[in-house]
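The values are calculated or read from the model by the stated rules, or taken from the named source; none is laboratory data. Computed from a predicted structure; not experimentally measured. Don't worry about glycine lacking a Cβ; one is built from the backbone with ideal geometry, like all the others, and counts go over all protein chains shown.
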Ligand code: FAD
């Protein structure tokens, strides 16, 4: 199918984008990498009157250390491929580097943007779950000013976020990983590069003898990533053991509310999630590299 008719503009500044969004609101869509948007247009799942292409705006490019070296700033035009091979991301946010291997295929990663993935909020996408696990902040700009929204408050449901129609997501800020933080990531998908049937992102601090601050985010099962806080709290100041991993996995899986889709019903998805959580926790807490590397 062909896309419906739309107007197209390619402004040169963030202010010009914000002015267009303020004028056209829900009739306008930001065009970043186009890897999701163009497909929805061609399938006529959406029909915006205006596409606002942000690809000319240099201020939205790049990945930098900012805030006196306290966080990574990933600009709205940083492509998945750029994030995947960034030494800064590998050093300060290795969870994102680990997860990027699972995001789509090279051609899509070359154009698709990490902020585009956050703005889209596909429930099976890797980056929203990582943003929650890492306590990232999404920075939104409109004619009214700039505001930061913690990732845990950004995702509402299926493709629903806290972003207002007149706001551009200009960057995501990811706190630099503390020295004693360890991370784990894995997902189940039919083929490598497909969207996840279920995925798990983990961060933790402390030592295997005394774990603290476990964050466990499950995605692909519900309409948005699920931050399994109650299950993760079972690990607080505990020593790692397979029995503890089992208890956390069971509690986390029970807290999910999966729909039935082509991959199965709630019982299947909970079983898949529990198995994957056990696998990721075991890898994170027993690998010598993870704790002593
Ligand atoms: P676009 O397609 O340009 O935009 C997507 C949506 O976000 C639009 O509504 C747009 O208006 C909005 N938007 C984009 N940027 C901004 C911004 N800065 N501010 C406000 N709104 C914005 N993704 C995964 O995570 N995992 C996968 O496994 C995966 N597999 C894929 C497989 C295929 C075959 C395809 C085609 C895509 C796949 N994707 C996957 C999606 C891919 O990662 C997209 O690149 C990403 O979801 C959207 O990024 P984009 O820059 O292309 O955004």
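Brief remarks on what is shown
- Residue within the stretch 77-99 that is over 16 Å from residue 173 (Cα atoms), within 7 Å of the ligand (Cβ to nearest atom) and in contact with a strand residue (DSSP E or B) (Cβ under 7 Å, 6 or more places away or on another chain) present: no
One line per residue, one yes/no per condition, for (1) surrounded by 18 or more Cβ atoms within 10 Å (Cβ to Cβ); (2) in a loop (DSSP other than H, G, I, E, B); (3) at pLDDT below 95; (4) in the same structural domain as residue 261 (by the TED database):
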| residue | (1), (2), (3), (4) |
| --- | --- |
| 110 | no, no, no, no |
| 119 | yes, no, no, no |
| 129 | yes, no, no, no |
| 135 | no, yes, no, no |
| 139 | yes, no, no, no |
| 147 | no, no, no, no |
| 152 | no, no, no, no |
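- Applying the set (1) over 27 Å from residue 11 (Cβ atoms); (2) assigned to a loop (DSSP other than H, G, I, E, B) to residue 77 leaves exactly one unmet item: (1).
- Condition check for residue 95: under 29 Å from residue 216 (Cβ atoms), in contact with a helix residue (DSSP H, G or I) (Cβ under 9 Å, 6 or more places away or on another chain), surrounded by 18 or more Cβ atoms within 10 Å (Cβ to Cβ) and not assigned by the TED database to the domain that holds residue 199: yes
- Failed condition for residue 69, given (1) over 22 Å from residue 195 (Cβ atoms); (2) within 15 Å of the ligand (Cβ to nearest atom); (3) outside any strand (DSSP E or B); (4) assigned by the TED database to the domain that holds residue 129: (2)
- Residue within the stretch 155-164 that is within 12 Å of the chain's Cα centre (by Cα), at pLDDT 95 or above and part of a strand (DSSP E or B) present: yes
- Restricting attention to the stretch 186-199 and to residues that are within 11 Å of the ligand (Cβ to nearest atom) and assigned to a strand (DSSP E or B), the residue that is surrounded by the most Cβ atoms within 10 Å (Cβ to Cβ) turns out to be 199.
- Filtered residue count, the stretch 1-15, keeping only those that are crowded, with 16+ Cβ neighbours inside 10 Å and under 15 Å from residue 55 (Cβ atoms): 2
- When 183, 172, 202 are checked against the criterion of being away from the ligand (no atom under 16 Å from the Cβ), under 14 Å from the mean Cα position of the chain (by Cα) and assigned to a strand (DSSP E or B), 202 stands alone in meeting it.
- Residue in the stretch 9-20 that is closer than 13 Å to residue 115 by Cα and within 12 Å of the ligand (Cβ to nearest atom) present: no
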